[in-house]
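To keep things clear, I will list the structure first and then write my remarks on it.
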Amino acid sequence: MLIEQTPSFLRKLYPEALWRKDTDKKTIYLTFDDGPIPEITTWVLDVLKSYGIKATFFFVGDNVRKYPKIFERTLSEGHTVGNHTFNHIPGSQWDYETFIYNVDEADVYINSPFFRPPHGHLTYRQYKFLKNRYQIVMWDVITRDYNVTLRPEKVLEIVKKYTRNGSLIVFHDSLKAEKNMKYAMPRAVEWLLEQGFSFDKL
C-alpha cells in the first residue's frame, strides 16, 4: 500500500499538492504520464473517446516537441494536459537550477497550470518554488503498470482495491507500461463504471 496509495504522513511532505479530489463525490480522475507516444497515446485517446471519458495527460516536453499532432489531438478532444518536465527527470537527482530550467523548457511546449514531478520526486526547494507557479499534482492510486514484473491482472487488481471517491489514478502511456496498461486500463474503466463512478478531468 505504501506504493499503490501514498499514506497521509508522506502526503504531508507536499501539503499544497493535489493528491485526491471531491471525497464526497463518486468521481475519479484518470491521469496518464510520460506521453505523447504515437504507439500508445493514440490508443489511449481512442479508448477514452469510445467511453466518452475525459482524462488528464502529464506530457514530457520533448515528446510534445516530437509529436505535436498528438498533443493537439489531446487538447482538441477535450482532455487536460500537464507538465511532466522536458526530459522526464526526477527532481531529487538534479540540482535546483537544472531541474527548474527543465520544467520551464517543457512549459514552452505544454503551457499548463498543472505540474507532476516524474516519480513524484522533488526537493523541498524545488517544491517551494514550483507550488507558486503550478498546481502540483500527485496521485491517490498509482497502478504500477510500468513494473514489467507485475502481471496485467495485478495492475487491474490495484485499481479495484484502492480506488475511492476522488481518486487520482495514474496510468502511463509509455512503451514500458504498454502491456500492463492496455490490459488493465479499459477493464478498470468498465469496472469503475459498474461501481457507479463517474470520470472527470482536472
- List every residue pair whose Cβ atoms sit under 6 Å apart, with the two residues 6 or more apart in sequence or on different chains, where the first one lies in the stretch 7-20 and is closer than 13 Å to K131 by Cα and the second, anywhere, is part of a helix (DSSP H, G or I) and β-branched (V, I, T). none
- Which condition breaks for Y134 when tested against (1) of a type outside the set (V, I, T); (2) within 18 Å of T80 (Cβ to Cβ); (3) free of Cβ contacts under 8 Å to residues at least 40 places away in the same chain? (3)
- Among the numbered conditions (1) touching a residue at least 60 places away in the same chain (Cβ under 8 Å); (2) within 29 Å of R164 (Cβ to Cβ); (3) in contact with a helix residue (DSSP H, G or I) (Cβ under 7 Å, 6 or more places away or on another chain), tell me where Y29 comes up short. (3)
- Message: Can you find a residue that is of a type outside the set (K, R), surrounded by fewer than 15 Cβ atoms within 10 Å (Cβ to Cβ) and either in a loop (DSSP other than H, G, I, E, B) or at pLDDT 95 or above (or both) anywhere in the stretch 61-69?
- Response: yes
- Which condition number does P117 fail, the rest of (1) over 19 Å from F59 (Cα atoms); (2) in contact with a helix residue (DSSP H, G or I) (Cβ under 6 Å, 6 or more places away or on another chain) being met? (1)
- Task: Grab the helices (runs of 4 or more DSSP H) fully contained in the stretch 89-202, keeping just those with 2 or more residues being buried (at least 17 other Cβ atoms within 10 Å of the Cβ), at pLDDT 95 or above and among the aliphatic types (A, V, I, L, M).
- Result: 96-110, 152-162, 178-194
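The values are calculated or read from the model by the stated rules, or taken from the named source; none is laboratory data. This is a predicted model, so every value here is computed, not measured. Every residue, glycine among them, receives a Cβ derived from its backbone with ideal geometry; neighbour counts consider all protein chains shown.
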